[in-house]
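Report on the following structure.
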Amino acid sequence: MPFTGSHPAAVLPFLRTPLPASALVAGSVAPDVPFYLPVALPWATHTALAVVTVDLLLAVLVWALWHALLAPAALAAAPAGARGRLAGVPVGLRRRLRSARDAVLLVVALLLGAGLHVLVDEFTHPGRWGAEHLAVLAGDWGPLSAVRWLDHTGTVLGAVALLAWLGRWWRRTPAVPVPARPRWWLPWAVIATAGLAGGLSATAGAPDLRSAAVAAAFRGGGVVLGVSVVLALAGVRAGRRWAAAGGRPPG
């Protein structure tokens, strides 16, 4: 399968629609969420049935976690250039569901993102629909199977598409002046270091380079998520303590 981080590229064409972008992205990564957890879940996530059941539930959880906790923390720890460009974006979960229409668009976006993820994987997994029904995908293309080539190509092209979109957004989005925050990079350094250490710890005993990379990505990504949640919760607690004391949060 393409790397989880590349899957949101499939929803880029829908960003101009009324569908909420964060829900599209949450849905597009939801089927892979169990791979990043420390415990195995007993449900399949890469089937048509899963899209409207397990994946939808996971997508709701991802979306809610992002808006309720991680997005405010990420914005608070962002450099001035990013905060200035996002100054008008509403933060928090309560602002996302103000009407029945908002709820419907949310569910549609989550389902669309998850459905596109599962559809793409049907053509990049051995033993899935693509390899089983399309002769061109059933064999090998040189040293790798056809679906493995599509897997790697999808990962690279998806990452390039996302970087290109982000670069275009950065150039075209005006930034309002915001105060610089010292040591804004510190939580990102902690998260990156923890993720790297977690990823490296998963490579021992891997039979080949690809297996090591996959294991490192899954464990490292899980560590990144866990540390991010812990830091975000610590930030919320610190902010409440400062508010109770009548002061202002540092930075």
Failed item in (1) under 30 Å from GLY127 (Cα atoms); (2) assigned to a helix (DSSP H, G or I); (3) in contact with a helix residue (DSSP H, G or I) (Cβ under 9 Å, 6 or more places away or on another chain); (4) of a type outside the set (D, E, K, R), with SER211 passing the rest: (3)
What pairs come up if the first residue lies in region 65-77 and is over 15 Å from GLY226 (Cα atoms), the second is of a type in the set (D, E, K, R), and their beta carbons are under 6 Å apart, counting only those six or more places apart or on different chains? HIS67/ARG96
Going by what's in this entry, would PRO72 be described as in contact with a Gly (Cβ under 6 Å, 6 or more places away or on another chain), surrounded by 14 or more Cβ atoms within 10 Å (Cβ to Cβ) and not small (Gly, Ala, Ser)? no
How many of the residues making up region 101-112 are closer than 11 Å to VAL52 by Cα and crowded, with 22+ Cβ neighbours inside 10 Å? 1
Which ranges mark the helices (runs of 4 or more DSSP H) fully within region 7-101 that have 2 or more residues being polar (S, T, N, Q), touching a helix residue (DSSP H, G or I) at 6+ places or on another chain (Cβ under 7 Å) and modelled with pLDDT of 95 or more? 21-29
Has region 151-167 got at least one residue that is free of Cβ contacts under 8 Å to residues at least 40 places away in the same chain, surrounded by 11 or more Cβ atoms within 10 Å (Cβ to Cβ), closer than 25 Å to PRO34 by Cβ and in contact with a helix residue (DSSP H, G or I) (Cβ under 6 Å, 6 or more places away or on another chain)? no
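The values are calculated or read from the model by the stated rules, or taken from the named source; none is laboratory data. Remember, predicted model here, so these are calculated numbers, not experimental data. Here the Cβ is made from the backbone with ideal geometry for all residues, glycine too, and neighbour counts use every protein chain on show.
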